[in-house]
Amino acid sequence: MTPFAKKKELKNNWYLVNAENIIVGRLAAYISKVLRGKNKSTFNPNQDNGDFVIVTNIEKIKFTGKKFKNKKYFKHTGHPGGIKETHPFNLKDKNKSQDILKLAVKRMLPGGPLAKKQISKLKIYHGEKHPHSNQNPIEINFSKLNKKNSVKTL
């Protein structure tokens, strides 16, 4: 039988990711794994033992192929005929580039109250500056993941 880690035994780390020239889906997959705590040996699906993730330079994130123009985000108001759609280029025009990554990560997490706690550990900022320097975040280098030629800039 595997022993479960107690709440006071868990330690949350802080990670810093520079999103410049990084593909949205690959970054979101890595972030969702870290937010859930799947990168730790103490992973438990019903416990919040994930780490904090700080993402900077979100305005320079990229898509592969034609997703920047063709991808659609849907939401429904709950009323008849209340389906709303938007595109990544519309979100970028409104200076809401952080919503692109936040939606991708949120949809990779399981639903429920635990996922709401985990998504609150994601901090996204425009530019290089962030207010979390006192937490001494560990910098993650994603330069090896961006090797494709068909990458479009936001």
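Extension gain LEU114-LYS96, at 0.36 nm per residue separation less the Cα-Cα distance, in nm?
Values: separation 18, 0.36 × 18 = 6.48 nm, distance 2.50 nm.
Result: 4.0 nm gained on full extension.
Roughly what % antiparallel, to the nearest 5, for the DSSP beta bridges in the chain?
On the way: 7 of 19 bridges.
The answer is about 35 percent antiparallel.
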Tilt, helix 97-106 to longest principal axis of the chain (alpha-carbon atoms), in degrees rounded to tens, equals 50 degrees
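Can you give me the Rg/Rh ratio for the chain, using Cα atoms for both radii and the Kirkwood formula for Rh?
Working: Rg = 16.9 Å, Rh = 16.8 Å.
Checking Rg against Rh, the ratio lands at 1.00.
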Taking the chain and counting helices only, DSSP H stretches of n ≥ 4 at -39,500 (n - 2.57) each over all residues, the nearest-500 ellipticity at 222 nm comes to -7000 deg cm²/dmol
LYS7 and GLU139 label points (each 7 Å along its Cα→Cβ direction) are spaced in nm at 3.6 nm
Given Cβ charges of +1 for Lys and Arg and -1 for Asp and Glu, the option among GLY65, LEU35, PRO137 whose Cα lies farthest towards the positive end of the dipole of the chain is GLY65
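Every number here is computed from the coordinates shown, using simple stated rules; none is lab data. What you are looking at is a predicted structure, and each value in this text was computed from that prediction instead of being measured. Positions of Cβ are generated from backbone atoms using ideal geometry, with glycine treated the same way; all protein chains shown enter the neighbour counts.
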